[in-house]
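Notes follow once the structure below has been shown.
What follows is calculated from the coordinates using simple rules that are stated; it is not laboratory data. The structure displayed is predicted, hence computed values, not measured ones. Cβ sites come from the backbone with ideal geometry, for glycine too, and all protein chains shown count toward neighbours.
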Amino acid sequence: MAKYSMLNKADVSLDVIILFIIGMIMLITGTLLFPVSAGILPYYENGLYGLLLFIFALQMITLGKTPFREMRQSKLLLIIGVVIASIGIVTCFIPDIFNPIPRILLSLCFGPGGVLLLIQMVFSKEKLRPWLQYGRSFHHLIFGCGAVYLLSMLIGMLIWDHSLFSTSITAVTILIYGVAIVYLAETLRRIYRMYPEAEKSREGDIDLSSDKAMILVTAIFMQLLGILLIPVNWGLLPFSGSAQLGLLMVIFAVQMLAFGNTPIGPFFRSWLMILFGFIFAALGIISCIIPEILVSPLTVLIGALNIIGGITTLGKTCLPLFKKGRNPHLPTPRILVKLYVTQLAMNLVAILFGVSMFVSHLIPGQIIGVILTANGCILLYLLHILSLIDKIRAEGTN
């Protein structure tokens with residue numbers, strides 16, 4: 001679940017991290033298509049489409065970046081991002097429920113999106129011409145952006161018409177696209193390290209930091225999962241457990257890579273943390289694309305992380321209350337009491353969820369759905385409390 005972020009030792013910005021994850025999705029997809037085409041592995045297309053839509057929505061919600069252009073943060077953009085994230089989540093969980101909407105959305109994101117981004121790069125006064133004058137690193141940026149935008153157009157056509165190429169050529173094209181995205185991400189990482197001013201600050205009409213945006217996304221995930229599990233357990237809907245676990249692992253990975261937040265608590269964002277984050281992302285991507293192959297190990301891993309994280313954080317939350325008992329005359333602000341209670345409830349729910357993953361039928365599926373929905377509501381309430389605390393702090397410094 002969402003925790004507070006720690007200071008960074010490995011300074012990698014969120015937009016670079018998301019680019020790396022998109023590159024990983026393409027590299028892993030392209031690699032897996034070879035055994036899939038040979039009939040060695042099954043393939044869950046909805047899992048891939050839902051994951052891509054979710055990542056695009058994550059860029060919109062956290063960074064204000066759409067597949068068509070960068071935009072100021074606004075309530076409208078936030079709403080659109082939440083809707084697309086919800087479509088991506090449900091597409092992952094429930095096979096074929098939204099067909100052909102995910103394919104149409106992704107075709108638009110990759111195809112026309114690539115065209116518009118290329119046009120903006122060429123004609124914008126802030127991009128191509130200044131980049132040509134800034135030096136070698138920005139020449140790599142021009143090459144990386146150009147390659148990604150051109151290949152995006154081709155990927156858009158492939159999503160729209162699967163028969164455009166053979167499976168092998170499609171796999172190679174996706175692999176090349178993945179390499180181009182990773183190349184662009186690494187180029188941006190180096191530029192941000194050499195020129196910190198090149199990294200744009202968040203602008204817009206809403207005050208939603210990246211870590212709070214991740215809490216919002218996680219809350220949406222939990223609420224939709226909980227709501228959908230109720231009809232799923234009544235046998236009214238099909239369900240992809242592997243994609244559900246995979247998407248949750250990707251959320252864990254983004255939190256680890258961007259903020260140093262892990263399911264067992266916050267850590268300094270070291271290069272070791274970055275490595276574990278990419279491992280989590282790779283496992284999640286594979287589980288979304290290839291059904292059932294990683295269900296057992298990921299069930300054990302996620303269950304253990306929820307139990308350990310819930311117990312550990314529960315102890316950290318309760319310990320200050322015992323220390324507070326030594327100073328009975330010192331009042332506790334009401335907002336902090338609400339924060340403690342919210343964290344307490346959130347960690348108890350995490351422990352229950354983790355135990356249910358280990359002991360099947362311990363908690364009925366419908367009850368698990370209610371628990372997860374409640375967890376999503378608690379996360380939204382936590383987001384509200386954190387926003388109030390930030391507001392109080394801002395007023396205190398004025």
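Remarks
- Computed over the Cα atoms of the range 223-274, pair by distinct pair, the Kirkwood hydrodynamic radius stands at 12.8 angstrom.
- Positive-pole candidate from P67, S107, L305, dipole of the chain, charges at beta carbon: L305
- Computed from the Kirkwood radius of its Cα pairs, the Stokes-Einstein diffusion coefficient for the chain at 37 °C and 0.692 mPa s stands at 148 µm²/s.
- Extension gain (nm, one decimal) between E395 and V172, 0.36 nm per residue minus Cα-Cα: 74.8 nm
- Theoretical gain in end-to-end length, E292 to H139 [0.36 nm per residue, Cα-Cα removed]: 50.7 nm
- Counting beta carbons within 10 Å around each of H140, H384 and listing the fewest first gives the order H384, H140.
- Residues R393, R69, sorted so that the one with the fewest Cβ neighbours within 10 Å comes first: R393, R69
- Note on K338 and V355: their simple-model spin labels are 2.9 nm apart, each label 7 Å out from Cα toward Cβ.
- Dipole moment magnitude, nearest 20 debye, the chain about Cα centre, only Lys, Arg, Asp, Glu C-beta charged: 1160
- As a proxy for reagent exposure, I104, I18 were ordered by neighbouring Cβ count within 10 angstrom, fewest first; the result is I104, I18.
- Both radii were evaluated on the Cα set of the range 24-135; the Rg over Rh quotient, with Rh as the Kirkwood radius, amounts to 1.06.
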